[in-house]
Amino acid sequence: MDCSITLFFQLHDEQAFRQAAHERALTDGLNAEEALSYLDPEKSTVGACAIMLFDPGVSPPGCSITDSSTD
């Protein structure tokens, strides 16, 4: 069975959101340079930050995350 989820969110503090993506990247084992890119709007989009935060890389039990994208 396939199931699709669409998530809409309103961004209130881009700096805090980027900081959270940076911290998750470090926690997930990205090197410092890669993680720092999440703090720089010229190196990563808010969408890339959202994928880092909302697609945990590890699927919940009983399913597989097959893709994630942002607009």
- May I ask you to verify whether Glu33 is more than 14 Å from the chain's Cα centre (by Cα) and assigned to a helix (DSSP H, G or I)? yes
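Residue under question is Leu53, and the condition is that it be free of Cβ contacts under 8 Å to residues at least 40 places away in the same chain and open to solvent by 50 Å² or more (accessible area, probe 1.4 Å); does it hold? Quick ask: steps written out before the conclusion?
Values: free of Cβ contacts under 8 Å to residues at least 40 places away in the same chain: yes; open to solvent by 50 Å² or more (accessible area, probe 1.4 Å): no.
Considered against the rule, which asks whether it is free of Cβ contacts under 8 Å to residues at least 40 places away in the same chain and open to solvent by 50 Å² or more (accessible area, probe 1.4 Å), Leu53 comes out as no.
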- Looking at the stretch 1-50, which of its residues are in contact with a Phe, Trp or Tyr (Cβ under 8 Å, 6 or more places away or on another chain) and surrounded by fewer than 10 Cβ atoms within 10 Å (Cβ to Cβ)? Leu7
- Message: Against the definition (surrounded by 15 or more Cβ atoms within 10 Å (Cβ to Cβ) and either on the phi > 0 side of the Ramachandran plot or part of a loop (DSSP other than H, G, I, E, B) (or both)), how does Ser59 come out, yes or no?
- Response: no
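The values are calculated or read from the model by the stated rules, or taken from the named source; none is laboratory data. Note that this is a predicted model, so its numbers are computed, not measured. With ideal geometry, Cβ positions are generated from the backbone for all residues, glycine too; neighbour counts draw on all protein chains shown. Surface accessibility is based on the protein's heavy atoms, side chains included, excluding ligands, DNA and RNA. Shrake-Rupley method; radii C 1.70, N 1.55, O 1.52, S 1.80 Å.
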